[in-house]
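Asker: Just dropping this structure here.
The values are calculated or read from the model by the stated rules, or taken from the named source; none is laboratory data. Predicted model only: the values in this text are computed from it and were never measured. In this analysis, Cβ positions are derived from the backbone assuming ideal geometry, glycine residues included, and neighbour counts consider all displayed protein chains.
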Amino acid sequence: MKRLLLCALALLLTVAAQAQFQTAGTGRRYTLAQLSTAAGAGYLAQSGTEWRLNDTIRLAATDTLSITTNETIRAAALALVYVDGTLLITPPDSVKFTAQNTAAPWHGFSFSNTSSNSRLRRTVVEYCAGLRTIGSNLQLIDCTIRRNVATLNGRLIGSGALSLSGNRALVQGCRFERNARSGIISPANGGASPIIRDCRFLANNADNGNYPQINLGPGIPTDTIFIERCLVVGGGTATNMGGGISLSNLLGGSSVSKAVIRRNVIRNNRYGVGITATSYAVYITQNLVENNNTNPNALTGGSGLNFTGTQSQTGVVSRNIIRGNLWGVTILRSGTGAGVTGGPRISLGNLASADTTNRGFNVILGNGNGGTVADLYNNNVTTDTIRAENNWWGTASVADIEAHITHKTDDNTLGFVDYLPFRVSGPLAVRMARPLALEVYPNPARAAVTLQAPAAGRVQVSLLDAAGRVVQQRTLTATADGRAALPLTGLKTGLYLYRAEQGGRTATGRLLVE
């Protein structure tokens, strides 16, 4: 039996600096210069063209710090920025937060549940313990999070450069590179349903522990986790213990978490995608999952896709290319105790299903280890049949396909794989959409919403209701700074999907109208 050693989420600790300045909480909007005057040089001081953050600063719940110019802020060891209010960073090019001494990292950012209006654009955060959010629907757009650490003075702070808890964060167009552990993490006992789109995760897990680049626990029951159009590439043998994407629910629970993993490129990790959970529903489609084989040991190395859990874990896998991994797809039942009657109910194609997305079209080929092709392994119990119809296995020979799949015909204790009918030609190309870096605010909105596009010019916008019906279509003209106003006149209160196109690039998302 193959086993995957997936991540255990670390307890997030907060190490407070010895002193801190807190804003007055009078509803004031600060610039860096105004904050420096209020706090004093012992906390924030200008040094030539740069700023020095010398000690911990706390932004009160009703106050705002706005940075609209290009700046570099160098922070002292263990300095921390607490955000209870609103942090708005919108420079023309970039704002960089870095350490005064890279050998003595600073503490980083802590966002509380009263800071949900905070938005960081084109912001670099490096050489610290990262960003921590609790209940804050933070937005990170076109940011770079790199070379951040997990420990300060030998004390564990957290296992992710961006830690999310109890929130619905938007992370779009960001780059996570060479952080000590995971790029993004959420705890096993606190729901978080981030939207992660158009991001790059490159060689994270520099500590080379058991930390995937995206490492999420259970979601918020009313929301869906989205991981879309991302590049998730490992660092080769230097980080050969790190996986690509992990979703887990190690503490169980009756609420069902939902996740969509779509149109990503996931390669050169220990494993591609690992789902270790009960009560999890996943939809995995149009991904390229290849060469996740950096740990050559078949027992500790990884699959392209792995599903471990009980029958309360469900999912649809369609239109993916899964190739060059130590194992292609593995489905494993977790536990044999009372009440455990089967393993994950994952479908790789069911032509009889009422779900029209569940039609297979996967390309699963060239996976293997030790000279053996291992494209699909159904390690569930005898009664668990996996449907894997209408896929391309790299051959039109039934005997060859059968040899590439390990299931009931090989071992009577395993579940059966129904792979007939199969496609006799392939592969089916994965369609990778060109993303548009678009910000939509305010969200929720009432009378109108602002679209912040990357450039001036025409923006075509469609709004769809929850049933998928188009309720509004407009062609807007973005101004020189990329802004366009979309009126919401006549729309009922509720949740809508938006689709915006500009210059051949597309952005999609959700808009709540109050």
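Asker: Please go through (1) at pLDDT 95 or above; (2) within 16 Å of the chain's Cα centre (by Cα); (3) closer than 26 Å to GLY301 by Cα for GLN139 and return the number of the only condition it doesn't satisfy.
Answerer: It fails just one condition, (3).
Asker: Sort out which residues of region 196-217 are free of Cβ contacts under 8 Å to residues at least 60 places away in the same chain and either part of a strand (DSSP E or B) or under 18 Å from ARG175 (Cα atoms) (or both), and write them in order of number.
Answerer: Hits for region 196-217 are ILE196, CYS199, ARG200, PHE201, LEU202, ALA203, ASN204, ASN205, ALA206, GLN213, ILE214, LEU216.
Asker: Might you check whether a residue that is more than 22 Å from ARG52 (Cβ to Cβ) and assigned to a strand (DSSP E or B) occurs anywhere in region 88-109?
Answerer: Scanning region 88-109 turns up no residue that is more than 22 Å from ARG52 (Cβ to Cβ) and assigned to a strand (DSSP E or B).
Asker: Suppose the filter is of a type in the set (A, V, I, L, M) and farther than 21 Å from THR308 by Cβ; does LEU202 pass it?
Answerer: It is true that LEU202 is of a type in the set (A, V, I, L, M) and farther than 21 Å from THR308 by Cβ.
Asker: Can you tell me which residues in region 281-302 are among the hydroxyl-bearing types (Ser, Thr, Tyr) and modelled with pLDDT of 95 or more?
Answerer: Within region 281-302, TYR283, THR285 qualify.
Asker: Let me ask another. Quick check on my filter: what residues within region 306-327 are closer than 17 Å to ASN390 by Cα and part of a loop (DSSP other than H, G, I, E, B)?
Answerer: Hits for region 306-327 are ARG319, ASN320.
Asker: Something else about it: Could you grab the pairs with beta carbons closer than 6 Å, sequence gap of 6+ or different chains, first residue in region 37-61 and crowded, with 19+ Cβ neighbours inside 10 Å, second one among the β-branched types (Val, Ile, Thr)?
Answerer: Filtered contacts from region 37-61: TYR43/ILE57; TRP51/ILE73; LEU53/ILE73; ILE57/VAL81; LEU59/THR23; LEU59/VAL83.
Residue by residue, here is whether (1) assigned to a strand (DSSP E or B); (2) among the polar types (S, T, N, Q) holds:
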residue	(1), (2)
MET241	no, no
SER246	yes, yes
TYR271	no, no
ILE275	yes, no
TYR283	yes, no
ASN292	no, yes
ALA298	no, no
GLY304	yes, no
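Asker: Considering only region 6-46, state which residues are modelled with pLDDT under 95 and on the phi > 0 side of the Ramachandran plot.
Answerer: Selection gives nothing.
Asker: Going by what's in this entry, would ILE220 be described as in a strand (DSSP E or B), under 14 Å from LEU247 (Cα atoms) and assigned by the TED database to the domain that holds ASN320?
Answerer: Answer is no for this residue.
Asker: I've got another one for you. I'd like the full set of residues that are among the small types (Gly, Ala, Ser) and buried (at least 19 other Cβ atoms within 10 Å of the Cβ), limited to region 142-171.
Answerer: ALA150, GLY158, SER159, GLY160, ALA161, SER163, SER165, ALA169
Asker: Can you tell me how many residues in region 153-183 are touching a strand residue (DSSP E or B) at 6+ places or on another chain (Cβ under 9 Å), over 25 Å from PRO454 (Cβ atoms) and either part of a loop (DSSP other than H, G, I, E, B) or modelled with pLDDT under 95 (or both)?
Answerer: The qualifying residues number 10.
Listed here are the residues, each with its yes/no results for (1) on the phi > 0 side of the Ramachandran plot; (2) touching a residue at least 40 places away in the same chain (Cβ under 8 Å); (3) not basic (Lys, Arg).
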residue: ASN291; (1), (2), (3): yes, no, yes
residue: ASN306; (1), (2), (3): no, yes, yes
residue: VAL329; (1), (2), (3): no, yes, yes
residue: SER347; (1), (2), (3): no, yes, yes
residue: THR357; (1), (2), (3): no, yes, yes
residue: PHE361; (1), (2), (3): yes, yes, yes
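Asker: Between a residue in region 502-514 that is in the same structural domain as ARG483 (by the TED database) and within 15 Å of GLU228 (Cα to Cα) and any residue that is surrounded by fewer than 19 Cβ atoms within 10 Å (Cβ to Cβ) and small (Gly, Ala, Ser), which pairs come within a Cβ distance under 6 Å, given they are 6 or more apart or on different chains?
Answerer: Between residues of region 502-514 that are in the same structural domain as ARG483 (by the TED database) and within 15 Å of GLU228 (Cα to Cα) and residues that are surrounded by fewer than 19 Cβ atoms within 10 Å (Cβ to Cβ) and small (Gly, Ala, Ser), the close pairs are THR506/ALA433.
Asker: Name the single residue, out of those in region 261-293 being among the basic types (Lys, Arg) and farther than 17 Å from ALA203 by Cβ, that is surrounded by the fewest Cβ atoms within 10 Å (Cβ to Cβ).
Answerer: Checking each candidate, the answer is ARG262.
Asker: Looking only at residues in region 239-260 that are within 18 Å of LEU326 (Cβ to Cβ) and among the small types (Gly, Ala, Ser), which one is surrounded by the fewest Cβ atoms within 10 Å (Cβ to Cβ)?
Answerer: This residue is SER246.
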